[in-house]
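What follows is a set of notes on a single structure, which appears directly below.
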Amino acid sequence: MRMRRIMLGLTAVAALALPAVAQQRIPVGHLMDNSGATSDVGVPYGQGVADTLAWVNASRNGIAGRPLNVLSFDYGYQAPRAVSQYQAWSRERVVAIQGWGTADTEALVRFVTRDRIPFISGSYSAALTDAGGKSGRQGVEAAPYNFFYGPSYSDALRAMLRWAADDWKAKGGQGRPKYVHMGGNHPYPNSPKAAGEALAAELGFEVLPAIVFALTPGDYTAQCLTLKSQGANYAYLGNTAGSNISVLRACQTAGVQVQFLGNVWGMDENAMKAAGAAANGVVFPVRTAVVWGQQAPGMATLQQISRVSDPAGTAYRPVHYLAGACAAMLMVEAMETATANNGQITGERIRDGFYAKQNWVPRGFDGVCNPSTFTADDHRGTLRVGLYRAVVSGDTSQGSVADLMRAGTMKLEPVTTIELERRRELLGW
Amino acid sequence: MSATTPSGDFRTSYREDMTIFPTRNSRIALWAGLALLLASPLLLGRYELGLLINIGIMGIAALGLNILVGFTGQISIGHAAFFGFGAFASAWLHEGWHIPVAFCIPLAGLMTALVGLVFGAPAARLKGLYLAIATLAAQFILEDFFARAQWFTGGVAGRITEPFALGGWVADREETYLYVVVAYVVVMFLGAANLMRTRDGRALVAVRDHYLSAEVMGINLAYYRTLSFGIASFYAGIGGALYAHYLLFVSVEAFNILFSIQFLGMVIIGGLGSIMGSLMGAAFMVLLPEVVQAGADLLAGGAIDRALKLGASISFLREMAVGAAIILFLLFEPDGLAHRWRLIKAYWKLYPYSH
């Protein structure tokens with residue numbers, strides 16, 4: 001009898017305590033740029049991450065029954081603010097962070113390595129891929145806790161240059177094509193500069209002196225006239241969509257005939273609408289296998305995620321939204337791997353979760369997220385670069401992005417997919 | 001020495017007249033406050049300590065600007081550039097010359113003072129708006145220098161710095177770095193308070209109050225105006241160096257004109273021409289965004305958020321609230337926090353016969 005009472009009491013205590021354990025939320029940081037120089041693409045990407053994490057909480061009951069507690073912070077693309085926010089988050093004991101820009105991510109490398117906090121950045125700087133710090137490149141240190149979804153800026157540019165070299169031949173161009181790097185004097189546009197110029201020279205391009213234009217929209221007629229007078233054939237746009245639009249429009253007005261190669265953040269559906277016909281023909285990498293409106297097995301999941309912030313289900317989601325969802329899902333699945341065998345969700349175990357699968361596509365995202373493979377000393381998740389061309393065939397000033405895409409006035413046309421070799425000597429560059 | 005100031009201020013010696021903390025109670029409060037501050041790493045979390053460190057660092061730099069603006073009556077809208085110069089100088093001294101960080105900080109202060117003297121030279125001849133524009137030039141020249149001088153600043157990518165170390169003791173966390181900052185705050189604030197009691201300090205005030213009379217009394221205007229820039233830059237440099245070894249990363253982005261204006265805001269909110277006011281203004285400017293952020297976090301996802309469809313724009317609230325607070329302060333508290341603090345003290349001293 002006495003035994004039974006004790007047992008009963010214990011069960012009651014356990015019943016009370018269990019929900020408390022189950023409800024303990026997992027703190028995750030989310031650094032966004034909603035108001036700074038790169039907010040044009042930071043907003044859709046951040047929305048993609050936020051919606052996906054909210055959806056994981058709502059539909060999958062978080063990670064192994066523990067919901068995520070997402071702590072969002074808009075740092076306005078100011079690296080020092082990101083660093084101080086990182087320190088504030090250490091109070092909340094975040095186990096992982098969804099990050100953003102190149103300057104802040106590179107500044108935080110040492111901190112996240114020290115504190116063992118996986119950091120999934122929106123920056124694809126190649127310097128972040130050298131997980132073991134074995135490349136020996138100047139300014140590149142070991143970044144074992146830094147991850148990102150997609151090809152690095154350098155690899156994306158290498159793929160575009162390979163395409164450009166073929167394109168030049170296919171078009172029957174005479175002599176050596178001229179290549180120029182354009183972008184702000186900032187770590188993010190600078191990141192692939194040397195790598196791109198080196199490969200361009202190797203491929204037989206004549207490399208022109210780089211042209212600088214700020215990360216914010218402005219009048220870039222002078223830059224376009226330089227482009228014209230130098231006779232550039234291929235120009236890399238290293239900035240984000242907002243300032244690239246200004247360049248595209250100014251160059252259209254100036255009558256510059258050049259093939260623009262956009263950075264992965266340099267072009268999207270919103271930019272196509274804003275730039276109109278000036279955006280026609282820009283080639284840029286797309287990180288997902290499909291874009292919004294196309295069919296794929298995983299698109300149903302994406303539509304559910306989209307409804308988190310758009311219950312009507314009518315919003316058009318640009319390419320960055322999809323990339324944000326994939327990046328968030330890599331982190332979520334790495335966390336799930338960490339909880340296997342009753343494991344604790346610690347930074348180290350999440351990091352190992354990234355290494356658990358080869359050709360990793362998050363469950364339910366088939367045909368949307370491209371496969372990624374991370375290893376303990378190589379964080380180049382993918383070397384496959386899907387190139388698309390922005391096609392604008394009419395007036396984009398009327399109607400929403402969704403209407404224009406549906407009507408075919410604006411199209412994202414697949415150009416080619418370039419598979420780069422995984423060369424060790426290019427790690428971290 | 002009595003606990004409170006007696007009614008009627010009877011000071012019979014110069015020594016008594018010069019004392020910084022006139023009553024026993026104010027001294028007790030000082031020592032108790034200092035003891036509490038030194039014990040705070042045991043009581044507070046890393047976030048709160050981080051705020052205290054920031055207040056200390058900003059306070060030192062704001063004090064420099066207050067010496068220039070509040071005490072000498074000059075103007076500078078390039079203070080953040082000098083702050084940045086100190087930060088980069090300290091990082092550079094350590095990396096390029098392998099000088100221990102503990103020595104880099106004062107050396108960076110001296111380097112910044114030299115740069116300040118150069119950029120302060122126009123102050124010998126210019127006044128008011130003209131001087132403001134001249135210092136604006138300093139802001140832009142230095143900012144551009146930071147972005148391009150790869151050897152000195154690491155270029156636009158910024159520079160990773162090392163934590164403060166003295167002997168075997170490394171201050172790489174908030175709990176330990178707080179002591180470094182507190183030590184500097186005490187030294188720098190005592191230094192400023194004492195400076196204002198010297199002939200040179202009084203000369204600065206005389207220049208502010210009426211430069212013609214000052215000149216007639218034999219004060220070299222050009223000398224003291226330029227000196228004031230040097231001192232202000234020294235303080236900015238020390239603050240910047242402390243900042244560099246706290247964040248462990250310096251980048252040109254931080255030291256823009258907005259940051260310069262923020263320093264001016266600190267000085268005005270704290271109280272022009274008040275030593276303690278500089279610290280109060282810095283505390284206000286550091287804490288206000290955090291308070292607003294906490295408020296925005298509370299709002300996010302709540303009923304008001306849904307009703308007004310704030311969504312992503314809630315993050316703009318922070319910026320707007322900071323701006324609004326400054327305007328309100330200028331309207332309702334033009335003499336600054338230091339003045340309000342004096343009124344509060346007087347209220348309790350005279351209670352219940354305040355009228």
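The values are calculated or read from the model by the stated rules, or taken from the named source; none is laboratory data. Worth saying up front: this structure is predicted, and the values here are computed from it rather than measured. A quick note on method: Cβ atoms are made from the backbone with ideal geometry, for glycine too, and the neighbour counts reach across all protein chains shown.
Counting only residues that are more than 18 Å from the chain's Cα centre (by Cα) and of a type outside the set (Phe, Trp, Tyr), how many does region A:79-106 have?
The total comes to 13.
Can you name every residue in region A:47-64 that is within 13 Å of another protein chain (Cβ to nearest Cβ) and either charged (D, E, K, R) or part of a loop (DSSP other than H, G, I, E, B) (or both)?
Once the filter is applied, which keeps residues that are within 13 Å of another protein chain (Cβ to nearest Cβ) and either charged (D, E, K, R) or part of a loop (DSSP other than H, G, I, E, B) (or both), region A:47-64 yields only A:51.
How many residues, within region A:65-82, are modelled with pLDDT of 85 or more and either more than 9 Å from every other protein chain (Cβ to nearest Cβ) or not in a loop (DSSP other than H, G, I, E, B) (or both)?
Matching residues across region A:65-82 total 12.
Please work out which one of (1) on the phi < 0 side of the Ramachandran plot; (2) in contact with an Asp or Glu (Cβ under 7 Å, 6 or more places away or on another chain) is the condition residue A:116 fails and give its number.
Here residue A:116 clears every test but (1).
Tally time: how many residues in region A:87-105 are in a helix (DSSP H, G or I) and either at pLDDT below 85 or closer than 22 Å to residue B:54 by Cα (or both)?
Adding up the residues that qualify gives 9.
Looking only at region A:184-206, how many residues end up being more than 10 Å from chain B (Cβ to nearest Cβ), without any contact (Cβ under 8 Å) to a residue 60 or more places away in the chain and not in a loop (DSSP other than H, G, I, E, B)?
Qualifying residue count, region A:184-206: 9.
Can you name every residue in region B:45-97 that is surrounded by fewer than 24 Cβ atoms within 10 Å (Cβ to Cβ), part of a loop (DSSP other than H, G, I, E, B) and touching a residue at least 12 places away in the same chain (Cβ under 8 Å)?
B:73, B:75, B:77
Residues checked against (1) in contact (Cβ under 8 Å) with a residue 40 or more places away in the chain; (2) more than 23 Å from residue B:149 (Cβ to Cβ); (3) touching a Cys at 6+ places or on another chain (Cβ under 7 Å); (4) not aromatic (Phe, Trp, Tyr):
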| residue | (1), (2), (3), (4) |
| --- | --- |
| B:199 | no, yes, no, yes |
| B:219 | no, yes, no, yes |
| B:237 | yes, no, no, yes |
| B:240 | yes, no, no, yes |
| B:251 | yes, no, no, yes |
| B:262 | yes, yes, no, yes |
| B:268 | yes, yes, no, yes |
| B:271 | yes, yes, no, yes |
| B:287 | yes, yes, no, yes |
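Looking at region B:43-86, which of its residues are within 16 Å of residue B:232 (Cβ to Cβ) and within 14 Å of chain A (Cβ to nearest Cβ)?
Within region B:43-86, B:57, B:58, B:80, B:83, B:84 meet the criteria.
Can you pull out every residue in region A:239-265 that is farther than 15 Å from residue A:164 by Cβ and not hydrophobic (A, V, I, L, M, F, W, C)?
Scanning region A:239-265 gives A:239, A:240, A:242, A:243, A:244, A:246, A:249, A:252, A:253, A:255.
Report whether or not residue A:20 is modelled with pLDDT under 95 and facing chain B (nearest Cβ under 8 Å).
The answer is no for residue A:20.
Would you be able to tell me the number of residues in region B:180-191 that are over 15 Å from residue B:54 (Cβ atoms) and either crowded, with 21+ Cβ neighbours inside 10 Å or in contact with a strand residue (DSSP E or B) (Cβ under 7 Å, 6 or more places away or on another chain) (or both)?
1
Report whether or not residue A:353 is surrounded by 15 or more Cβ atoms within 10 Å (Cβ to Cβ) and either in a helix (DSSP H, G or I) or touching a Leu at 6+ places or on another chain (Cβ under 9 Å) (or both).
Against the criterion (surrounded by 15 or more Cβ atoms within 10 Å (Cβ to Cβ) and either in a helix (DSSP H, G or I) or touching a Leu at 6+ places or on another chain (Cβ under 9 Å) (or both)), residue A:353 qualifies.
Quick check: anything in region B:147-162 under 23 Å from residue A:80 (Cβ atoms), surrounded by 22 or more Cβ atoms within 10 Å (Cβ to Cβ), hydroxyl-bearing (Ser, Thr, Tyr) and within 14 Å of another protein chain (Cβ to nearest Cβ)?
The answer is yes; a qualifying residue exists.
What's the number of the only condition in (1) modelled with pLDDT under 95; (2) part of a helix (DSSP H, G or I) that residue A:324 fails to meet?
Among (1) modelled with pLDDT under 95; (2) part of a helix (DSSP H, G or I), the lone unmet condition for residue A:324 is (1).
Give the number of residues within region A:297-352 that are of a type in the set (Gly, Ala, Ser), without any contact (Cβ under 8 Å) to a residue 24 or more places away in the chain and within 14 Å of chain B (Cβ to nearest Cβ).
Qualifying residue count for the region: 1.
Of all residues in region A:88-120, which are surrounded by fewer than 22 Cβ atoms within 10 Å (Cβ to Cβ) and within 8 Å of chain B (Cβ to nearest Cβ)?
Passing the criteria: A:88, A:90, A:91, A:110, A:111.
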